[in-house]
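The structure appears below as structure tokens.
The values are calculated or read from the model by the stated rules, or taken from the named source; none is laboratory data. A quick note: this is a predicted structure, and the numbers were derived from the prediction, not measured. Methodologically, a virtual Cβ is constructed for each residue, glycine included, from the backbone with ideal geometry; neighbour enumeration extends over all protein chains shown. For accessibility, only protein heavy atoms count, side chains too; no ligands or nucleic acids. Shrake-Rupley method; radii C 1.70, N 1.55, O 1.52, S 1.80 Å.
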Amino acid sequence: MICDCWQVRNGDGAPNYTEDCLACGTNKKANIENAAAKIAAASKQGAEIIVLPECFNSPYGTKYFPEYAENVIEGGQSETALMLSTAARDNKVFIVGGSFPEKEGEKIYNSCYIFNRDGDMVARHRKVHLFDIDIPGKITFKESDTLSPGDCPTIVDLSEHGGPPVRMGIGICYDIRFPELALLYRHLGCSMLVYPGAFNMVTGPAHWELLLRARAVDTQSFGIVCSPARDESADYIAWGHSMIVDPWGEKLGELQEKEDILMVDLDLTQLAKVVSRRQNMPYWLQRRQDIYKLSSPFMPEKKPSPDK
Ligand SMILES: NC(=O)CC(=O)C(=O)O
């Protein structure tokens, strides 16, 4: 998924938001080169923030993660992070780099790196909720066989990196099923939730769109999901359908299952609408905190939650 979300529209209709389903196969080098080519193509079309899918350098599967994992933190070679950094700098775009298996010590994480327009890494999200499920006869998956979970929420405020006033909360795939994480992002001032993800042919048709729209409405935020394109020959068949919705839960754009790029306008006027929607329907201020309460070590003590 590729998105560009902050130009002020001057009535010229210039697209400022795009998304894309990326094909990801077993050839890691080809996956990385394909992502680089699509970033350049999207940038040429005017994209300024680019979001890639979950696990874009590797097939999605526990047996693949150790083989495709890269060690960035301890100074190891990482062709994937290097490509993302170079592409961000060369194309002068922000990149929410989908995810790839990342190694640190003995552990492997499912990690999303975010880069600014100079190619500097400005944040990293490690998938917090691992996809361990068993739906008999349909799908069994146990990410925790080879992956470890991250242990913190990730927020990127683009305005702190020379970008527009967009504060993004990042999650990866299964993270979208946990409303508390999205509510925490709202509490911490986000107006956009970005989830690189790879739902499958069982959970995709049932829940992909439903969850995105629910999280957007729960938090009165823009919602973005970006999937790999569907590959019927893969062990794990991704649902596809990268999508962007607004804080009302309305779809701004959707791809089908094939590799593609989608451009969607998302301008400053639309971001301002987040504030007015939140004022029109102020359910954030109407929460009954005497009955229930969100609690997190990442919530600043005694600071009132943002109501806009
Ligand atoms: N693959 C995931 O992490 C999550 C998923 O497919 C689902 O929640 O469904």
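Structure notes:
- Taking the protein heavy atoms of the chain in the context of the full set of protein chains, the accessible area attributed to carbon and sulfur is 51 percent at 1.4 Å.
- Length released on extending from LYS63 to VAL202, taking residue separation times 0.36 nm less the Cα-Cα span: 48.0 nm
- Cβ-placed point charges (K, R +1; D, E -1), dipole of the chain about Cα centre in debye, nearest 20: 900 debye
- Across the options LEU52, SER159, THR219, the greatest Cα extent toward the positive end of the charge dipole of the range 2-280 (unit charges at beta carbon of Lys, Arg, Asp, Glu) belongs to THR219.
- Förster radius 22 Å - calculated FRET efficiency between ARG277 and PHE178, Cβ distance, rounded to 0.05: 0.45
- Accessible area (Å², 1.4 Å probe, nearest 10) - LYS92: 110 Å²
- To the nearest 10, the accessible area of ASP235 is 100 Å² with a 1.4 Å probe.
- Listed peptides 63-76, 175-188 appear in the order 175-188, 63-76 once ranked by packing, highest mean of other Cβ atoms within 10 Å at the front.
- Here, the range 2-280 is characterised by an Rg to Rh ratio of 0.94, where Rg is the alpha-carbon radius of gyration and Rh the Kirkwood radius.
- Proximal lysines relative to LYS142, as straight alpha-carbon distance under 21 Å, when same-chain residues fewer than 8 apart are discounted: LYS63, LYS103, LYS107, LYS127
- Computed helical MRE - 222 nm, the chain, DSSP H runs ≥ 4 contributing -39500 (n - 2.57), nearest 500: -6500 deg cm²/dmol
- Cα centroids of the range 135-187 and the range 273-303: 19 Å apart.
- Compactness relative to 2.2 N^0.38 Å, alpha carbon Rg of the range 167-290: 1.09
- On a per residue basis, the range 2-280 carries 38 Å² of accessible surface, using protein heavy atoms and a 1.4 Å probe.
- A 1.4 Å probe over all protein chains sorts TYR60, TYR292 by accessible area into TYR292, TYR60, starting with the largest.
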